[in-house]
Structures are given as C-alpha cells and as structure tokens.
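Trainee: Handing you a structure now.
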Amino acid sequence: MKITVVLSRAACILALISAVIAILAGFGSRAGWWHFRTGFQLLTWAAYGGLSSAIIGLIGCLAALLRAQWRGAVPALIGLVIGVLVFGIPWQMKQIAQQVPPIHDISTDTEDPPRFAAVLPLRKDATNPTDYGGPEVAAQQHAAYPDIQPLTLPISGEPAFTRALQAAEAMGWVIVGTNPAEGQIEATDTTFWFGFKDDIVIRIQARGDGSRVDVRSVSRVGKSDVGTNAQRIRAYSLRLSRAG
C-alpha cells in the first residue's frame, strides 16, 4: 500500500516539475533569460522527465487498481497524462524536424525571390542571411513543399495591394514597411512559445487584369524551421484567397 502511494505521488510530482520546466524552456528563451539552445536543452530534460513520470504513473495506476485503491490511482493517473503530454510535444517536434529539410528560407518564387529592404536593420544580429540559398535550397523546398506556389488575384493595382496588406495584418504580423509603388509589404512574425522572429516579404505584381502575389518567409536564427515558414505561407495564402 505504501509503495502504491509513493509511486503515485512521485509520478504526479515529477510530471508537474517536468511541465513547469517545459513551459519555462520556451518562455524563458522568449524573455531573454537564456539562449534558445539552452531552452532546447531544458526541453529535452523536461521530455525525459515526462517520459519517466508517465512510466511511473502507469505502474502506480496498475498497482492501485490491482489493490482496488481507487483514490491512490488518481495522482498516478495525473502523472501519467501530464507526463505523456510533456514528452509527446517535443517528440512530435523532433519527428517533424526529421521529416522536413533543414532549411529556413521559403519562397513562392525560388527563381526570383522577393527581396527584403525595410526589415534589414532589424536583422543586424540575425545569424541567417537574407541572401537566397540558390538552386540547392530551391530543390529541397520543391521536394518537401510542392504546394508552395504564387497566388493569383482577380484584381490589380491598389485594391490588390490593400487586400494583401489587410490579410497580413489579420495574420497578427507586425508590419515593418509598405511600398505601394513597388507593390511590396514587409512584416515580422513571432512564434508563440520560444519567441523566434521570422521575417516576411510580400510582392504584388500586375498580371493582365489580375495580380500575382509572391510570399517569402525567412527565419532569423536556426538551420531548420521545422516547417514553420511553409505553414505560415500556406496560412497567409489561404486567408488572402478567401478575402475580398
């Protein structure tokens, strides 16, 4: 009986500690308390703690149920559920990272990617350049994200630019600069957990009676974006296509 209680409480306490570490790993990096790589290390430790709490919780649950100690199973069950969540999220992130190419610059036009201008001063400390990586990066993008393509709008000129700008604002991005004469919009998006800043440039060009919209999203740090930039472009293109 005593062993069951110890296992259940240990699972619950370890799971809660791991959850707190996992949360702080990201938000601490976002707040500038430590480097994001330190945050990743903390997240790794939290994941191991979550896995351990899940295993201990499972053993505690089985032991409590076999002894018909229903109350004793509650903390073990809490430890099991929280542990699975704490371990599962980093594990899923790792699986995604292994399935996508190690690139961080995604563009709907890989032959003539939109160029940054207004955002450049904000990237002075960025480890990733804004110069496009060329055919090698383009080939990896086309293989992994064949759906990332330019968007065509049935309108041109100022209405097209206004719609593109409104869609960017609706995404929650911080608009850094706009140039209606050149049909260019630049913005920055900050990820929720770790606070990574990625920069976006949107280019609107007249095509007959309509407009072609190209979008490029580039991470400031990190070799791989774990698919974030491609997902951002998909979300923006979908919002823009439904606007109007």
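The values are calculated or read from the model by the stated rules, or taken from the named source; none is laboratory data. As the structure is a computational prediction, the values presented were derived from the model and not from experiment. When we count neighbours, we look across all protein chains shown, and the Cβ atoms used for this are built from the backbone with ideal geometry, even at glycine. Only protein heavy atoms, including side chains, enter the accessible area calculation; ligands, DNA and RNA are left aside. Shrake-Rupley method; radii C 1.70, N 1.55, O 1.52, S 1.80 Å.
Trainee: If you check ILE204 against the conditions, is it within 26 Å of GLY134 (Cβ to Cβ), assigned to a strand (DSSP E or B) and touching a residue at least 24 places away in the same chain (Cβ under 8 Å)?
Mentor: In short, yes.
Trainee: Do you know which residues across the range 200-244 are closer than 21 Å to ALA181 by Cα and under 17 Å from the mean Cα position of the chain (by Cα)?
Mentor: ILE200, ARG216
Trainee: Got a number for residues in the range 151-163 being over 11 Å from GLN205 (Cα atoms) and touching a Ser or Thr at 6+ places or on another chain (Cβ under 8 Å)?
Mentor: Of the residues in that region, 0 qualify.
Trainee: Kindly establish whether ASP199 is of a type in the set (Asp, Glu) and either in a strand (DSSP E or B) or farther than 17 Å from THR228 by Cα (or both).
Mentor: The answer is yes for ASP199.
Trainee: Select from the range 174-196 the residues that are surrounded by fewer than 19 Cβ atoms within 10 Å (Cβ to Cβ) and assigned to a strand (DSSP E or B) and list them in ascending order.
Mentor: The answer is VAL174, ILE175, GLY177, THR178, ASN179, THR188, THR190.
Per-residue answers, yes or no, for (1) in contact (Cβ under 8 Å) with a residue 60 or more places away in the chain; (2) touching a helix residue (DSSP H, G or I) at 6+ places or on another chain (Cβ under 8 Å):
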residue: VAL137; (1), (2): no, no
residue: ILE148; (1), (2): yes, yes
residue: PHE161; (1), (2): no, no
residue: GLU186; (1), (2): yes, no
residue: ILE200; (1), (2): no, yes
residue: ASN229; (1), (2): yes, no
residue: ARG234; (1), (2): yes, no
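Trainee: Sticking with this one: Would you mention how many residues in the range 146-165 are in a strand (DSSP E or B) and of a type in the set (Ser, Thr, Tyr)?
Mentor: Selection size over the range 146-165: 1.
Trainee: Identify the residue in the range 222-241 that is open to solvent by 50 Å² or more (accessible area, probe 1.4 Å) and of a type in the set (A, V, I, L, M) and, among all such residues, is nearest to ASP125 (Cα to Cα).
Mentor: VAL226
Trainee: Check THR38, THR4, THR44 and return the single one that is of a type in the set (S, T, N, Q), touching a helix residue (DSSP H, G or I) at 6+ places or on another chain (Cβ under 8 Å), more than 24 Å from TRP193 (Cβ to Cβ) and assigned to a helix (DSSP H, G or I).
Mentor: Of THR38, THR4, THR44, the one residue that is of a type in the set (S, T, N, Q), touching a helix residue (DSSP H, G or I) at 6+ places or on another chain (Cβ under 8 Å), more than 24 Å from TRP193 (Cβ to Cβ) and assigned to a helix (DSSP H, G or I) is THR4.
Trainee: Assess whether LEU153 counts as being open to solvent by less than 50 Å² (accessible area, probe 1.4 Å) and over 19 Å from ALA117 (Cα atoms).
Mentor: yes
Conditions tested, residue by residue: (1) closer than 24 Å to LYS223 by Cβ; (2) surrounded by fewer than 22 Cβ atoms within 10 Å (Cβ to Cβ); (3) touching a His at 6+ places or on another chain (Cβ under 7 Å).
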{"position": "ALA47", "(1), (2), (3)": "yes, no, no"}
{"position": "ILE55", "(1), (2), (3)": "no, yes, no"}
{"position": "GLY60", "(1), (2), (3)": "no, no, no"}
{"position": "LEU66", "(1), (2), (3)": "no, yes, no"}
{"position": "ILE78", "(1), (2), (3)": "no, yes, no"}
{"position": "VAL86", "(1), (2), (3)": "no, no, no"}
{"position": "TRP91", "(1), (2), (3)": "yes, yes, no"}
{"position": "VAL100", "(1), (2), (3)": "yes, yes, no"}
{"position": "PRO113", "(1), (2), (3)": "yes, no, no"}
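Trainee: Given the criterion in contact (Cβ under 8 Å) with a residue 12 or more places away in the chain, among the hydrophobic types (A, V, I, L, M, F, W, C) and part of a loop (DSSP other than H, G, I, E, B), identify the matching residue among ALA126, ALA168.
Mentor: Matching residue, one of ALA126, ALA168: ALA126.
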